[in-house]
Structures are given as structure tokens and as C-alpha cells.
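S.K.: There's a structure below that I have some questions on.
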Amino acid sequence: MPSFLLAAIVATSVQSADNISVLGNKPRWDVLERYQQTITHDEFLHLIDDVYCTHWFAADLIDVNDDHARILMSRQAQKFFTLRFATDDAARKPVPRLWRPAKCLPAAMLEKPLSGLKVALDPGHLGGNWAKMEERWFQVGDTKPVQEGDLTLQVARLLAPRLRQLGAKVSYVRNSDEPTTAKRPDDFRELSKKILIKNGVPQPRAEVLDSSDPAKEQTIRWQSEILFYRYSEIRRRAVRVNFKLHPDLVLCLHLNAEGWGDPKNPTLTDTDHLHLLVNGSYLAEEMEFDDERFEMIRRLLSRAFDEELPLADSVALAMARETGLPPYQYPTTNSTTKVGTSGYVYARNLLATRLYRCPVVYCEPYVMNSKDVFARIQVGDYEGTRNVNRVEHKSIFREYADSVVDGLVDYYSKARCSRDR
Ligand SMILES: [Zn+2]
């Protein structure tokens with residue numbers, strides 16, 4: 001599930017001079033010079049208005065003029081980056097990027113619609129011994145505990161051979177239940193303390209009393225754990241994606257959940273749904289951070305959206321077909337914006353969708369603590385179909401993997417040129 005818990009406390013920078021988000025990197029605005037005249041005024045404005053900045057933001061951050069945009073680099077220093085637009089589509093210079101959109105892949109044979117495509121699989125969370133710390137764990141009585149990080153890895157391992165069979169080159173962003181980052185919670189104790197003090201907790205407690213402790217988010221323990229398993233871990237995965245794997249596409253694999261309350265006595269629900277996420281819909285306070293604003297503009301200019309949106313729509317439709325799940329409706333529109341045509345895809349600014357420098361499709365099928373999904377998770381993986389809660393089902397892991405494969409095949413069969421053998 002995505003991080004609804006994203007603590008307001010942790011999202012605040014420590015050094016106010018630089019205005020960098022937590023564990024963020026200093027922006028390298030000079031890199032954007034390569035994107036001069038690669039986008040027209042109209043295209044830039046469309047991506048700002050309809051995808052990335054769908055909420056209100058401070059007027060000095062981005063100022064769009066006829067032939068250029070002025071983007072704030074640092075408010076304190078009053079420094080701006082000037083992006084010059086291409087005068088029209090014909091005058092547009094090529095967009096520099098390491099990943100390849102479908103239309104730039106060589107023609108594929110009919111039976112190998114994914115040939116040459118580099119896909120990186122990113123099973124969400126860690127699972128294993130980390131699942132409880134991540135708050136991605138619940139257990140009903142004596143049944144097998146449900147750990148999102150283990151389920152997503154199981155889906156990835158079913159998905160990889162299927163994609164390879166269709167010609168894709170598959171890599172894993174995570175392929176074990178151990179963290180990618182070398183850091184551990186204790187490495188963040190000092191930083192956690194600073195963050196808490198800056199956020200109005202003058203004498204933060206060291207330890208959480210128990211999992212129902214209402215003030216747990218204001219403890220050094222809880223803050224250093226979230227800095228470890230979310231911020232440090234995902235930033236490390238981004239380094240792996242951007243500097244080692246260089247994929248054409250990252251698939252982030254998750255399962256959703258509704259609030260389950262006490263993880264040892266969780267609430268099971270009748271609700272079940274599906275949605276997918278792509279990057280966008282930045283909040284005003286996120287855009288205030290110099291690094292997040294820079295990363296947003298870099299992503300916008302890379303045109304990852306042009307590729308990830310039709311991909312996400314295609315995967316969403318295949319998943320909806322296969323699972324029969326209705327689209328999730330976010331309770332508020334504060335942090336998300338519906339995009340695309342399937343009705344299942346939202347733009348949202350998550351760390352992974354922002355930092356991985358290529359198209360990213362972030363899947364959120366199934367409510368893990370719905371009665372049916374819980375029962376299917378308990379049955380585990382199997383071939384063929386079985387009767388679960390009076391309905392014949394494929395294993396939930398195969399249904400997930402098969403529907404992602406179908407969505408990719410649909411998209412790439414249409415979007416790239418095919419050739420006969
Ligand atoms: Zn998740």
C-alpha cells in the first residue's frame with residue numbers, strides 16, 4: 001500500500017538554508033541545460049497544469065512566459081533557472097534520455113512483443129523480519145501473517161519468467177527480504193532527534209511504548225525506522241535503478257489495504273479495489289523543497305509521463321478485466337489527481353515514482369485485509385483454479401502477474417512496430 005502514514009513531521013527539511021527534503025540531494029540545475037528548446041510552451045503548460053501542479057502553488061516557483069519558463073532555484077538567493085521553449089513542434093530538439101519509449105524500440109516479432117525491453121521489477125517494501133517495523137504486517141488468530149513485502153516479491157518472481165519468455169530483459173530492484181540500503185535505523189537517531197525538535201517536539205522520547213502508543217510518531221525510534229525503511233531504502237533503490245539497471249520501465253508492485261487497526265486483531269472488510277499510480281499531483285509544500293521541484297521539472301522534461309500514462313492505463317484495464325475489481329476512489333483529492341482514460345490511474349508524488357528516472361507504473365491491486373483477498377492469500381500459490389469463498393480463482397499471485405503481463409503485451413504490441421518473422 002502507499003504511504004498514507006507519510007508523516008508530516010518527517011517531510012520537513014532540517015537545514016532551512018538549502019531547503020532540501022529529508023535525505024534529499026542538492027539539485028543540479030545545470031543538468032537541465034540539456035533540455036533547452038526540447039519542449040514547446042503549450043506542452044510545458046499542459047504538463048504543469050494537468051499532471052504535475054494540479055494544486056495551488058506559490059507563484060514565484062514557476063513563471064511561464066511565451067518563450068521561456070522561469071523556475072525558482074533558491075528563494076533565499078533569489079536565483080532562477082530559465083528554460084527556453086522550442087518555438088514549435090518542428091523546431092523541438094530531441095529529448096535526452098537513457099530509457100527508450102516503445103516507439104523507439106526495434107520492431108518485434110509477433111510472438112515476442114517485449115523483445116529487447118528492459119524491465120526492472122520493484123517489489124514494494126521489505127517483508128521478512130522487517131514487515132512489522134514497516135507496519136506492513138497483520139495476523140488473524142493463528143493463521144499465517146500477511147506481509148506485503150513477501151507477497152510483492154512472490155508476484156515479482158512469477159512475473160519475471162513470463163516477461164522473459166516474451167523477450168523482455170528483466171532485472172530486480174529488490175530480490176530478497178533484506179534492505180537495499182546499508183543504513184539501519186540506529187544510523188538515523190541523531191537526524192530523527194533534530195527533525196523532531198525542529199517540528200516542535202523539544203524533548204523527544206527515545207522509544208515507542210507499544211504499537212498502540214498514540215504518540216509513537218514523535219519518538220526517535222519511530223522516526224529513525226521510517227527514515228531507514230522508506231527514505232533511505234527507496235533513495236538507495238533509485239541509485240540502483242538510475243545508475244546500474246537503466247531500465248526502459250520500472251514496475252512497482254504493491255497490494256493495497258484498508259485501515260486494519262490492531263495488527264494482531266485486524267479488521268477484515270468487504271471492500272476491495274484497484275488503482276495504479278504515476279508521478280504527478282505535487283502538493284504546494286512538496287514543491288517548496290528545492291530538490292523536489294528540481295526532480296519534478298527534470299521528470300516533466302524527460303516526458304516519462306507520455307509513456308507511463310498509456311502503459312498504466314493498459315495495465316489497469318488488463319488488471320480490471322482479470323480481477324473484476326472496481327476503481328479505488330481516494331477519499332480526498334488533496335494529494336492525487338485522476339489521469340488517463342481507464343478510470344483506474346492517479347497521479348501522485350511518491351518517492352519511487354519521482355526518483356526513478358524512467359517511466360514508472362505503480363500497481364495497487366487488492367485490499368489485503370478484505371475477506372476474499374485475505375482468504376486467497378492464506379491459500380497461497382497453486383496452478384489452475386481453486387474454490388475460495390465459493391468462487392473459482394486462479395492463485396492471487398498468478399492472477400496479479402498474468403494481468404500485468406497482459407497489460408504490457410497489449411501496450412507494446414500496439415505501440416511498437418511489429419514485424420513478421
Ligand atoms: Zn505497499
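Taken together, the values in this text are just the output of simple stated rules run on the coordinates, not laboratory data. Keep in mind that what you see is a predicted model, and the values were worked out from it rather than measured. Cβ atoms come from the backbone with ideal geometry, glycine included; neighbour counts cover every protein chain shown.
S.K.: Divide by every residue of the chain the summed helix terms, -39500 (n - 2.57) for each DSSP H run of at least 4, and state the resulting mean residue ellipticity at 222 nm, rounded to the nearest 500 deg cm²/dmol.
M.R.: Details: 11 runs with 121 residues, N = 421.
Here the helix-only value at 222 nm equals -8500 deg cm²/dmol.
S.K.: Okay, moving on. In debye, nearest 20, what is the charge dipole magnitude of the chain about its Cα centre with +1 on Lys and Arg Cβ and -1 on Asp and Glu Cβ, if you could check?
M.R.: Numbers: 57 positive and 58 negative charges, 285 e Å.
In total the dipole reaches around 1360 debye.
S.K.: Taking amide H positions as placed in the peptide plane 1.01 Å from N, state which residues far from Y172 in sequence (5 or more) or on other chains have amide H under 5 Å from it.
M.R.: Here the answer is L121, since their amide H atoms fall under 5 Å of that of Y172.
S.K.: Right, here's the next one. How large is ³J(HN,Hα) for each residue in region 35-43, as worked out from phi by the Karplus curve 6.51 cos²θ - 1.76 cosθ + 1.60 (θ = phi - 60°), to whole Hz, x for Gly and Pro?
M.R.: So the Karplus estimates, Gly and Pro as x, are 9, 4, 6, 9, 9, 8, 3, 5, 5 Hz.
S.K.: A follow-up question, please. Take the Cβ-Cβ distance between M133 and S212 as r, set R0 to 22 Å, and report the resulting FRET efficiency rounded to the nearest 0.05.
M.R.: On the way: r = 16 Å, r/R0 = 0.71.
E between M133 and S212, to the nearest 0.05, is 0.90.
S.K.: Using 1/(1 + (r/R0)^6) with R0 = 45 angstrom and r between the beta carbons of R205 and K26, what's the FRET efficiency to the nearest 0.05? Don't jump to the answer; show the numbers that get you there.
M.R.: Values: r = 32 Å, r/R0 = 0.71.
After rounding to 0.05, the efficiency reads 0.90.
S.K.: How big is the Kirkwood radius of region 205-355, worked out from every pair of different alpha carbons and given in Å to one decimal? Walk me through the numbers before you get to the answer.
M.R.: On the way: mean 1/r = 0.0560 Å⁻¹.
Roughly 17.8 Å, rounded to one decimal.
S.K.: With unit charges on the beta carbon (Lys/Arg positive, Asp/Glu negative), name the residue among N129, I197, N256 whose Cα is farthest towards the positive pole of the charge dipole of the chain.
M.R.: Farthest along the dipole direction, towards plus: N129.
S.K.: Lys and Arg at +1, Asp and Glu at -1: add these up for the other residues within a Cβ distance under 11 Å of A131 and post the number. Working shown, then result.
M.R.: Values: positive: K132, R136; negative: E134, E135, E148, D150, D177.
With Lys, Arg at +1 and Asp, Glu at -1, the net is -3.
S.K.: Follow-up. Among I20, M319, T332, which residue has its Cα furthest toward the positive end of the charge dipole of the chain, with +1 on Lys/Arg Cβ and -1 on Asp/Glu Cβ?
M.R.: I20
S.K.: Applying the Karplus parametrisation 6.51 cos²θ - 1.76 cosθ + 1.60 with θ = phi - 60° to the phi angles of region 232-244, what ³J(HN,Hα) value in whole Hz is obtained for each residue in order, glycine and proline being reported as x?
M.R.: Couplings: 5, 5, 6, 5, 5, 4, 5, 4, 5, 5, 7, 10, 10 Hz.
S.K.: Quick one: which of K194/K216; K394/K414; K338/K371; K26/K79; K144/K264; K118/K244 span more than 20 angstrom between C-alpha atoms?
M.R.: Numbers: K194/K216 16 Å; K394/K414 27 Å; K338/K371 27 Å; K26/K79 14 Å; K144/K264 12 Å; K118/K244 12 Å.
As for pairs spanning more than 20 Å Cα to Cα, those are K394/K414; K338/K371.
S.K.: What Kirkwood hydrodynamic radius do you get for region 95-183 when you take the inverse of the mean 1/r over all pairs of distinct Cα atoms, in Å?
M.R.: 15.2
S.K.: To one decimal place, what Kirkwood hydrodynamic radius in Å is obtained for the chain from all pairs of distinct Cα atoms? All intermediate terms of the calculation are to be shown ahead of the outcome.
M.R.: Numbers: mean 1/r = 0.0443 Å⁻¹.
Radius from the Kirkwood sum: 22.6 Å.
S.K.: Oh, and also: Using a Förster distance of 22 Å, how high is the FRET efficiency between L45 and M73, based on the Cβ-Cβ distance and rounded to 0.05? It would help to have the intermediate numbers written out before the result.
M.R.: Details: r = 20 Å, r/R0 = 0.92.
FRET efficiency, L45 to M73: 0.60.
S.K.: While we're looking at this one, here's another question. Explain nothing, just compute: Karplus ³J(HN,Hα) = 6.51 cos²θ - 1.76 cosθ + 1.60, θ = phi - 60°, for every residue of region 108-125 in order, whole Hz, x for Gly and Pro.
M.R.: Residue by residue, region 108-125 yields 10, 6, 3, 7, 10, x, 9, 4, x, 6, 9, 10, 10, 9, 10, x, x, 6 Hz.
S.K.: Return the distance in nm (one decimal) between the two label points of a simple spin-label model at T82 and K103, each offset 7 Å from Cα along Cα→Cβ.
M.R.: Going by the 7 Å Cα→Cβ label model, 3.1 nm.
S.K.: Next question, about the same structure. Enumerate the amide H contacts of T180 below 5 Å, restricted to partners 5 or more residues apart or on another chain; note that Pro and chain-start residues carry no placed amide H.
M.R.: Hits under the 5 Å cutoff: none.
S.K.: By how many nm would the segment from A90 to Q37 lengthen if fully extended, with 0.36 nm per residue of separation less the alpha-carbon distance?
M.R.: Numbers: separation 53, 0.36 × 53 = 19.08 nm, distance 1.10 nm.
Full extension from A90 to Q37 adds 18.0 nm.
S.K.: Taking 0.36 nm per residue of separation and subtracting the Cα-Cα distance, what length does fully extending R321 through V64 add? It would help to have the intermediate numbers written out before the result.
M.R.: Values: separation 257, 0.36 × 257 = 92.52 nm, distance 4.12 nm.
Stretched fully, the R321-V64 segment lengthens by 88.4 nm.
S.K.: Testing the spin-label approximation: label points 7 Å from Cα along Cα→Cβ at K112 and D187. State their distance in nm.
M.R.: Once both label points are built, they end up 4.0 nm from each other.
S.K.: For region 11-160, what is the percent of antiparallel DSSP beta bridges, rounded to the nearest 5?
M.R.: Working: 11 of 12 bridges.
Once the DSSP bridges in region 11-160 are tallied, antiparallel ones form about 90 percent.
S.K.: How high is the relative contact order of the chain, in percent, counting Cα pairs under 8 Å that sit 6 or more residues apart? Intermediate values should be presented prior to the final figure.
M.R.: Numbers: 799 pairs, mean separation 91.9, N = 421.
Dividing the mean separation by the residue count of the chain yields 22 percent.
S.K.: What does the C-alpha gyration tensor say about the overall shape of region 264-420? Classify as rounded when a/c is under 1.5, otherwise prolate if a/b is larger than b/c, or oblate. Mind showing how you got there, number by number?
M.R.: On the way: a/c = 2.53, a/b = 1.40, b/c = 1.81.
It is oblate, given that a/c is not under 1.5 and a/b is not larger than b/c.
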